[in-house]
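Asks: Quick one: the structure is below, questions incoming.
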Amino acid sequence: MSGINRDRQTKVPARKSKTNSEPKTSISRPAEGRVVVPTTPKKKPMQAKKDAPRKDKHSNQKQDNRNQNRSNQRGGNRGGNRHGNRNQDSRNTSQRPSPIAEENWARVIEHDTIDGIITAITEGKLFMCRLSAKKGIEALNPTDRIYIGLEQSKKEHVDSYVGGAKLDLMSASARQDMPLVVQLFIEDNSQHFIEAFFNVAGNLSLKQHAFELLSGVGNKKAMQMVKERRISSGFKSLEELNQSCNIDAAELLAKRFIMEIEDRSIEPRLIDHLLPVKA
C-alpha cells in the first residue's frame, strides 16, 4: 500500500459532542467566581520619633488646659497693655503743662456772663484762650487786663483754664475788638517794640526789608522809615515814629500779629521774634 493510500485510510477518532460528554443531572454545578487574590499588607510609614509616648486622654486634657491658659494669658497681657497704655496716656495728659502755665497776664477779648467764660489773649505769646470766670464778678470789658498766673491770691477774675480759642469761632463783636486789644497791648509796651523791632529791623533779602512785613508798607515806605531812623539816630517813641513816617506803627504791627495768629504757616513770624515782652 502506497503512502498516500495509507494516509487516507487512517481513522481519526471523531470529536464527541458536548451534549454527550457529560450526563445530565438534576443538580446544576455551582457558579464559580473570580479567584480572590490575596492583598499584600501595606507597610506603615516610619514614625519620626519611635520613642514618643502615646497620648492618652489625660495628656490630651493637660495639653488643652495649657493651650487655654496660654491664650488667656495672652489676652490678659494684651488687655493689660491696653489699659496700661490708656492709664499712662491719661497720666501724661494730666501732667502736660498748660499752654498758659508760664503766662501771668492776659487781655480780655470777650466775657460771656451767661456761660461764665472769658475769652482772652495772653501777653506773653499772644495765645488766645478760654477761661472760667469766678462766680459773682462783674462783667469785664474788652482790653481789660486780668491776672492768670499761678498765685491764687492774685486771681480776682479767673477760676481755671478751659482751653484754646479760635478767632473764626468767636462772635462778630469779639473779632471786631481783637485788633484793638492787640494794639493796646503794643502801645502799653511800646518801648519794647521800638527797641526790638523798629530800631533794629534790617533787610530780609536784597529786595525786601523787614518793614515790608507790616500791612500796607511797601518798599518805598520802608526806605522812608529807614531814612527817618538814620536821621534821628533811632526812634525814641511810637509817637515820634508815627509823626516822622506818617503811619500808625502799633496798628500795623497789631495787624501783622493777627495775621500770624490766624495762619501758623506765615514766615517769618514776628511773634516768635518779638515776644515775650522783656520787662
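The values are calculated or read from the model by the stated rules, or taken from the named source; none is laboratory data. Note that this is a predicted model, so its numbers are computed, not measured. We place every Cβ from the backbone using ideal geometry, glycine too, and count neighbours over all the protein chains shown.
Asks: With respect to Ile261, is the statement that it is within 31 Å of the chain's Cα centre (by Cα), free of Cβ contacts under 8 Å to residues at least 12 places away in the same chain and under 20 Å from Ile121 (Cβ atoms) true?
Replies: No.
Asks: Just for the stretch 92-105: of the residues that are over 10 Å from Leu150 (Cα atoms) and either of a type in the set (S, T, N, Q) or loosely packed, with under 10 Cβ neighbours inside 10 Å (or both), which one is modelled with the highest pLDDT?
Replies: Top of the filtered list is Ser98.
Asks: Suppose the filter is touching a residue at least 60 places away in the same chain (Cβ under 8 Å) and either basic (Lys, Arg) or in the same structural domain as Leu270 (by TED's automatic domain parsing) (or both); does Arg175 pass it?
Replies: no
Asks: In addition: Exactly one condition in (1) polar (S, T, N, Q); (2) surrounded by 12 or more Cβ atoms within 10 Å (Cβ to Cβ); (3) more than 32 Å from the chain's Cα centre (by Cα) is false for Asn246; which is it?
Replies: Unmet for Asn246, out of (1) polar (S, T, N, Q); (2) surrounded by 12 or more Cβ atoms within 10 Å (Cβ to Cβ); (3) more than 32 Å from the chain's Cα centre (by Cα): (2).
Asks: Looking at Arg230, Arg256, which one is crowded, with 18+ Cβ neighbours inside 10 Å, at negative phi and either acidic (Asp, Glu) or at pLDDT 95 or above (or both)?
Replies: Arg256
Asks: Another question, then. Suppose the filter is in contact with a His (Cβ under 8 Å, 6 or more places away or on another chain), touching a residue at least 40 places away in the same chain (Cβ under 8 Å), of a type in the set (A, V, I, L, M) and not in a loop (DSSP other than H, G, I, E, B); does Ala222 pass it?
Replies: No, not satisfied.
Asks: Another question, then. If Glu239 meets every condition in (1) at pLDDT 95 or above; (2) touching a helix residue (DSSP H, G or I) at 6+ places or on another chain (Cβ under 7 Å) apart from one, which number is that one?
Replies: For Glu239, the exception is condition (2).
Asks: Among the strands (runs of 3 or more DSSP E) confined wholly to the stretch 110-212, which include 2 or more residues that are surrounded by fewer than 12 Cβ atoms within 10 Å (Cβ to Cβ)?
Replies: Values: elements: 117-122, 128-133, 145-147, 158-164.
Of the strands (runs of 3 or more DSSP E) lying wholly inside the stretch 110-212, those with at least 2 residues that are surrounded by fewer than 12 Cβ atoms within 10 Å (Cβ to Cβ) span 158-164.
Asks: Determine which single condition Glu251 fails, assuming it passes every other condition in (1) over 16 Å from Leu126 (Cβ atoms); (2) in contact (Cβ under 8 Å) with a residue 24 or more places away in the chain; (3) acidic (Asp, Glu).
Replies: (1)
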